[in-house]
Amino acid sequence: MALSPTSIGTAPPPDTNFEVLARARARAALIPDLMIEAQRIANSITSGWHGRRKRGVGDTFWQFRPYDQGESMARIDWRRSARDESAIFVRDQEWEAAHTVWVWADQSASMLYKSETVKVSKQSRAMVLALALIDILSKSGERVGWPGVTNALSNRNAAERIATELMVTKTEESLAFPPLGQLRNRSELVMISDFLEPIEVTIGEIDRVARQGVHGTLVHIIDPAEEHFPFSGRTEFFDPETGRKSTFGRVEKIATEYQTIFKARQDTLAQHCKRLGWNYVVHHTDKLASVALVELHMRLSGEAAL
């Protein structure tokens, strides 16, 4: 459940299908501007960048990933596997051929949140990061797609094509995670979200992706108010997904406990990703999108530690 304080100007919870449709139309109307911003950011930071390293036949180490049933046991890295009782890991080598990357940004109602101290909502920042990443990857020769919206495209203009499809395709806003039907073994999935579902549900979805042989990257989008909890006095919160409300007389009394729980949630996600050999990137909406995009590209390229 995502509780948002009404005192900082968030949108009211959806009560009707009309409001859900209105949100979808509003998002579609914003996509052209978000696409322009995404291309501006991508163009400003890609000078001199090269294509990503990729898994395949070669002599250069790329990454560890969970063992897939049916693979040769000769590929298992027993030393890496011994450090984690929950999984057996395979050592992947670098490959220079094109790779398939699926990019997905959460469209659920909680992503509309924007506190007073920032200029953009979580949803707007997530969409800009997603489209900018698609632009960079497609121009580097990658096959890129958006689960549930497009197939994987091998096209330098993939970002524009996917943005166009997002404007006309009715996405399921109640889905907190991407549909997995199009994903195949050895592909890669980048999920950009606030990950506010119950932690056990999120971990279960991550494991479901990993069992398909897909390597994942989580980009955790956080509004600074969600982390620091700067509220005081009588404050009403509501869940934008369900409309349920909670009121606190002196909300500052729960600030320390809230911050502890929020931090523990981040740590759990980071540690679980590390066990799977996945990437975990945190981005706050009061920071530059270009900073997150550089880190994300480095993680996907294997140039930064997990």
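Annotations for the structure displayed:
- Residue count for the range 197-211, restricted to those that are within 24 Å of Thr242 (Cβ to Cβ) and open to solvent by less than 40 Å² (accessible area, probe 1.4 Å): 4.
- Of all residues in the range 265-294, those that are within 28 Å of Arg83 (Cβ to Cβ) and of a type in the set (Val, Ile, Thr) have Cβ atoms under 6 Å from Cβ atoms of residues that are part of a helix (DSSP H, G or I) and open to solvent by 10 Å² or more (accessible area, probe 1.4 Å), 6 or more apart or on another chain, in Thr268/Ile199; Val281/Glu295.
- When the range 277-306 is filtered for residues that are open to solvent by 20 Å² or more (accessible area, probe 1.4 Å), of a type in the set (A, V, I, L, M) and part of a helix (DSSP H, G or I), the ones remaining, listed by number, are Val291, Val294, Met298.
- Any hit, the range 201-212, residues being closer than 30 Å to Leu153 by Cα, assigned to a loop (DSSP other than H, G, I, E, B) and in contact with a Ser or Thr (Cβ under 9 Å, 6 or more places away or on another chain): yes
- From the list Thr256, Thr268, the one residue that fits, being within 18 Å of the chain's Cα centre (by Cα), part of a helix (DSSP H, G or I) and not small (Gly, Ala, Ser), is Thr268.
- Just one of the listed residues (Arg91, Arg83, Arg161) is open to solvent by 30 Å² or more (accessible area, probe 1.4 Å), over 24 Å from Arg40 (Cβ atoms) and without any contact (Cβ under 8 Å) to a residue 12 or more places away in the chain, namely Arg83.
- Residue count for the range 150-174 under the criterion of being among the hydroxyl-bearing types (Ser, Thr, Tyr), assigned to a helix (DSSP H, G or I) and modelled with pLDDT under 90: the result is 0.
- Count of the range 242-274 residues which are within 28 Å of Ile136 (Cβ to Cβ) and either open to solvent by 30 Å² or more (accessible area, probe 1.4 Å) or touching a Lys or Arg at 6+ places or on another chain (Cβ under 9 Å) (or both): 2
- Condition met for Ala98 (at pLDDT below 85, surrounded by fewer than 18 Cβ atoms within 10 Å (Cβ to Cβ) and out of contact with any strand residue (DSSP E or B) (no Cβ under 8 Å at 6 or more places or on another chain)): no
- Scope the range 123-146; condition surrounded by fewer than 21 Cβ atoms within 10 Å (Cβ to Cβ) and not polar (S, T, N, Q); matching residues: Lys139, Gly141, Arg143
- Scanning the range 265-279 for residues that are out of contact with any helix residue (DSSP H, G or I) (no Cβ under 7 Å at 6 or more places or on another chain) and of a type in the set (D, E, K, R) yields Asp267, Lys274, Arg275.
- Cβ-Cβ contacts under 7 Å between residues 6 or more apart (or on different chains), taken from a first residue in the range 217-241 that is free of Cβ contacts under 8 Å to residues at least 24 places away in the same chain to a second residue that is in a helix (DSSP H, G or I), are listed as Ser232/Val251; Ser232/Glu252; Gly233/Val251.
- Of the candidates Phe231, Phe195, Phe237, Phe248, the single residue that is of a type in the set (Phe, Trp, Tyr) and closer than 21 Å to Leu129 by Cα is Phe195.
- Tally of residues being outside any strand (DSSP E or B) and open to solvent by 10 Å² or more (accessible area, probe 1.4 Å) across the range 226-239: 9
The values are calculated or read from the model by the stated rules, or taken from the named source; none is laboratory data. Just so you know, these numbers come straight off a predicted model, no measurement behind them. Note: ideal-geometry Cβ built from the backbone for every residue, glycine included; neighbour counts use all protein chains shown. Note: areas computed on protein heavy atoms with side chains; ligands, DNA, RNA excluded. Shrake-Rupley method; radii C 1.70, N 1.55, O 1.52, S 1.80 Å.
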